[in-house]
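Remarks on the structure that follows.
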C-alpha cells in the first residue's frame with residue numbers, strides 16, 4: 001500500500017507492496033536498467049538525472065513493481081534504455097490497464113503474432129499454463145531475455161556435466177566467475193589431453 005506521509009510530504013511504500021512486480025513493463029524496465037549498467041556503464045542515478053528525477057529510487061520502485069511506470073515516460077525510458085519503444089509502451093499500457101488487450105489493438109501484426117505464439121509454444125512444452133513456471137525457470141528466462149547474446153546462455157547436453165563439475169568445485173562461480181589462474185589451469189590440463197580449440 002502506498003501512503004502519503006503528511007508530516008514531511010514523502011511518498012512511503014510498504015516493503016511487501018509490489019503489485020506490479022510480475023508485469024512485463026516492470027520486467028523490461030529491470031532488464032533495461034541492468035543492461036544499461038553492464039553494457040554502457042550507465043548508472044541508475046545517471047538515468048534518473050536524464051529523466052529529470054531528483055532521486056534514482058523512483059526507478060527502483062518502478063523496476064521492482066512497487067509503483068506503476070508513468071505512461072508519459074515510457075517513450076523516453078525506452079530510448080534511454082535501448083528498449084523497443086513499441087514493446088515497452090504496450091507493456092506500460094498493459095500494466096496500467098491489464099484488462100485491455102493492447103497488443104491486439106495497437107501492436108503490429110508481427111508483435112501480435114509473437115505475443116501469442118511464444119506463450120503458446122512455452123505452454124505446449126510445459127503441458128500447462130505459463131503461470132506454472134517455477135521460480136527457477138522464470139529467473140533463467142528473465143536472464144536469457146536480458147542477454148543480447150542469448151545463445152551464450154544455453155549449453156549443449158555434452159557441456160552440462162562440465163559446468164556442473166565447475167559449479168561444484170567453485171560454488172561462487174555463478175556470482176564471481178572464475179579466476180584467470182583457474183582458466184589457465186583448465187587450459188593446461190585440457191591441452192595435455194588433446195586439442196583445446198582457439199586460445
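Quick note: the coordinates plus some simple rules give every number you see, no bench work behind them. Being a predicted model, the structure only gives us computed values, none of them experimental. Counting neighbours? That spans all protein chains shown, and the Cβs are built from the backbone with ideal geometry, glycine included.
Compute the Rg/Rh shape ratio of segment 26-73: radius of gyration over Kirkwood radius, all on alpha-carbon atoms. Working shown, then result.
Working: Rg = 10.1 Å, Rh = 10.8 Å.
Dividing the radius of gyration by the Kirkwood radius yields 0.94.
Round to the nearest 0.05 the FRET efficiency obtained for residue 18 and residue 192 when R0 = 35 Å and r is the Cβ-Cβ distance.
Details: r = 52 Å, r/R0 = 1.48.
That pair, residue 18 with residue 192, gives E of 0.10.
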